[in-house]
Structures are given as C-alpha cells and as structure tokens.
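The values are calculated or read from the model by the stated rules, or taken from the named source; none is laboratory data. Quick caveat, the model's predicted, so the values are computed rather than measured. So basically every Cβ, Gly included, is an ideal-geometry build from the backbone, and we count neighbours across all protein chains shown.
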Amino acid sequence: MGRILFIIFLIVPIIEIGLFIMLGEAIGLWPTLLGVIATALIGSMVIRLQGSSLIEEIRTTSASGIMPAKQLASGMMIGIAGALLLTPGYFTDTIGFLLLVPKIRNLIYEEIKKRISVVATSSSFEAGFGANQNEREMPQKRKLDEDIVDLDPKNWRND
C-alpha cells in the first residue's frame with residue numbers, strides 16, 4: 001500500500017504540471033488559471049447539492065432499520081471528490097467530477113463490496129448487512145447466567 005501511495009504522490013503532480021504547461025501554451029495563462037477556479041466553484045456547488053440529498057437518504061434508510069452502507073460509501077466518495085476539486089489541477093478535477101457521477105460511484109461501490117465482508121456486531125442495523133438473508137453473519141445471543149440477578153436501581157443500595 002505504501003508503494004502505491006508513493007507512486008500516486010509522485011505521478012499525479014507530474015501529470016498536473018504537464019497539463020498546466022500544455023493548456024497554458026494552448027489557451028494562455030489567465031484562461032488556464034480561470035479554469036481551475038471555475039472547476040473548484042462548480043464542483044463545490046455540485047457537492048453541496050449531492051451532499052444534502054445524500055444526508056436525507058441516509059436518514060431515511062437508517063430510520064427504516066437498514067444499514068446505509070451504500071449511501072455512506074457515496075458520501076465518502078463525494079468527500080474525496082470535493083478534496084480533489086479543491087486541489088488545483090485539471091487531472092484531479094477530472095477524477096473529482098467522475099466521482100460525482102452516481103453511476104460511477106455505484107460501480108466503485110460494487111467493486112469494493114466484492115472485496116469487503118461486513119459482520120454485524122449489534123442488532124441496530126441487522127436488516128442491512130449482507131447481499132441477502134443467507135449471507136448475513138449475526139452475532140450469537142448471549143445466554144443469561146442463572147447466578148446473576150438484575151435489580152432495578154430502587155431495589156439495591158451500597159452500604
């Protein structure tokens with residue numbers, strides 16, 4: 001994983017610098033810089049709109065007792081898109097705008113879902129785990145110890 005990050009942090013700036021030089025020669029300095037500012041502004045507006053609707057979708061899904069895994073993953077990808085769009089550069093802007101396309105986010109989510117196994121540890125979101133009922137791994141219910149007696153707070157005292 002460290003090598004991949006190293007390569008990304010090495011290659012992406014080189015790509016950005018190359019694109020700035022090529023675009024600057026083609027359309028000039030000021031239009032190139034204006035384009036960077038415009039993509040950041042447009043991206044932030046789109047993120048705000050998609051984020052608001054996504055938060056409502058997460059609330060609705062959670063209220064129905066289903067784990068909003070897909071919506072949370074979309075939220076994460078929208079956050080990454082926001083960071084990429086605020087980073088100056090056309091390459092990062094392109095990736096950021098691609099992450100704002102719902103179909104692309106769905107494809108990425110499906111790929112990630114194939115590689116990750118979710119195990120339920122509480123019953124609060126049991127309905128949302130696993131692709132179907134048979135794939136769910138539910139926690140075992142703990143048997144009560146017969147030697148333990150639960151008392152209401154009004155029935156016990158510390159002396």
Single unsatisfied condition, ILE7 versus (1) within 26 Å of LYS113 (Cα to Cα); (2) at pLDDT below 90: (2)
What number of residues within the range 93-105 are in a helix (DSSP H, G or I), under 22 Å from THR61 (Cβ atoms) and free of Cβ contacts under 8 Å to residues at least 24 places away in the same chain? 3
Given the conditions (1) more than 26 Å from MET77 (Cβ to Cβ); (2) under 25 Å from the mean Cα position of the chain (by Cα), and given that ILE37 satisfies all but one, which numbered condition is not satisfied? (1)
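Yes or no, residue by residue, for (1) at pLDDT 85 or above; (2) at positive phi; (3) touching a helix residue (DSSP H, G or I) at 6+ places or on another chain (Cβ under 6 Å):
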{"position": "LEU54", "(1), (2), (3)": "yes, no, yes"}
{"position": "ILE66", "(1), (2), (3)": "yes, no, no"}
{"position": "LEU72", "(1), (2), (3)": "yes, no, no"}
{"position": "ASP93", "(1), (2), (3)": "yes, no, yes"}
{"position": "ARG115", "(1), (2), (3)": "yes, no, no"}
{"position": "PRO139", "(1), (2), (3)": "no, no, no"}
All but one of (1) touching a residue at least 40 places away in the same chain (Cβ under 8 Å); (2) out of contact with any Leu (no Cβ under 6 Å at 6 or more places or on another chain) hold for ILE78; which doesn't? (1)
Do we have any residue at all in the range 21-31 that's under 20 Å from PHE97 (Cα atoms) and surrounded by 11 or more Cβ atoms within 10 Å (Cβ to Cβ)? yes
If you take just the helices (runs of 4 or more DSSP H) that sit entirely in the range 1-92, which of them hold at least 1 residues that are within 19 Å of ARG105 (Cβ to Cβ)? 29-63, 69-86
